[in-house]
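The values are calculated or read from the model by the stated rules, or taken from the named source; none is laboratory data. The structure displayed is predicted, hence computed values, not measured ones. Using ideal geometry, Cβ is built from the backbone for each residue, glycine included, and neighbour counts are taken over all protein chains shown.
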Amino acid sequence: MFLDEKSIEVRSGKGGDGICSFHREKFVPLGGPDGGDGGRGGHVILQVNEQYSTLLDMGNARLYKARPGQAGGAKRCTGKSAEDLIVDVPKGTIVKDAEGRILADLTEDGQRWIAARGGKGGMGNQHFATPANQAPRKCTPGEAGEKRELFLELKLMADVGLVGFPNAGKSSLVNKISSGRPKVGDYPFTTLEPVLGIVQMNGHSFVVADIPGLLEGASEGKGLGHQFLKHIERTHTLLFVIDGYADNAYEQFSVLKGELAAFHPKLAKKPYVIALNKSDLGIDNAIKEFAGYKEHVIVTSAVTGEGCKELQQALDAAVPHVQKKKVGWESKKVVEAKTMKAADKTKAKAARKEAAKPAKSAAKTTAKKAPAKKK
């Protein structure tokens, strides 16, 4: 389980001002007060959007500001209230204030929470008339909106776990294909704890976890092996990052598969993709060694970007929640097909009725021509 975080500022709309106005028309030169009230300012509302899977789906905006309400009008007209500003968030978002107190836990599809309430509209002078003061000139301004600093937190399950030996280029690859920014250096054990990257593809996203480099013997606990392997256990798809420039490229893959199987047999059966990394250095021998794994292998370079797009697409196809979304799109097509089928049935029914009309009219004509029976 990992955390995705985002800080935002929300500002609700100011209430519209009440106005000072008096009724005036022909033959009524001294009418009473008729100043209307101001409209309510817009709320800022956080709403769960089932299509969002990470906070990155919200975009880069940090300030969310609702519009103010309109001022009141003459003839006791109330100003129009502003529309609420709806801010979509992914399911499971926890909202905290600046002190870290939990304000809301948004766990249901379509669930709403008012993050900042719009200011109330001011009062027009119609409310201040008294027997002693029948022409008041007093009115009140609209209330100010709320302004809050909020922290959004989302617990993420990583969809893809990167597996590889230290210095295989995993962190550089995560930098290239996702929004993750792990520490990168030309020495082993640069990544000391799991780092998340979020890959955006075709209107959806999935989460990649850069697991610290494994050592041979990790299944026995060597080099914090158990701790790292537990992170991998929670992912659905594995991405083996192999140093293709090294002499033992295929051996790396064999050892990694063996360590996973030794820790838990299910790990070795997970769907996987192999990234033969460092193609910019020349890895022809490694490519030949992996000829038998052609459908799983993507040749990549975190330096030049070679194969990174293809790698994103391969992972996109392997991640289950993306497949579910595609099923969702297919279900829409099924609904459309059913609708078309129903329409075709209606047309066919109408055609049958139309075809039956001449037969009925012919029967009536025959009945008319038939001689009447003599009494």
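Some observations on this one:
- For region 259-288, a residue qualifies if it is surrounded by fewer than 17 Cβ atoms within 10 Å (Cβ to Cβ), under 34 Å from the mean Cα position of the chain (by Cα) and assigned to a helix (DSSP H, G or I), and the qualifying residues are 268, 269.
- Matching residues, region 90-111, being within 15 Å of the chain's Cα centre (by Cα), of a type outside the set (S, T, N, Q) and loosely packed, with under 14 Cβ neighbours inside 10 Å: 108, 109, 110
- Being at pLDDT below 80, touching an Asp or Glu at 6+ places or on another chain (Cβ under 8 Å) and in a helix (DSSP H, G or I) is a description that does not apply to residue 196.
- Any hit, region 306-319, residues being touching a Ser or Thr at 6+ places or on another chain (Cβ under 6 Å) and of a type in the set (D, E, K, R): yes
- Between 26, 14, 65, the distinction of being assigned by TED's automatic domain parsing to the domain that holds residue 105, in contact with a Pro (Cβ under 6 Å, 6 or more places away or on another chain) and of a type in the set (D, E, K, R) belongs to 14 only.
- Hits in region 23-45 - residues which are buried (at least 18 other Cβ atoms within 10 Å of the Cβ) and in contact with a Gly (Cβ under 6 Å, 6 or more places away or on another chain): 35, 36, 37, 38, 39, 40, 41, 42, 43
- Residue satisfying all of: in region 1-49; of a type in the set (Asp, Glu) and part of a strand (DSSP E or B); modelled with the highest pLDDT among these: 9
- Counted residues, region 253-276 - those being at pLDDT 90 or above and either aromatic (Phe, Trp, Tyr) or farther than 19 Å from residue 235 by Cβ (or both): 4
- Boolean, residue 109 is modelled with pLDDT of 95 or more, assigned by TED's automatic domain parsing to the domain that holds residue 12 and of a type outside the set (Gly, Ala, Ser): no
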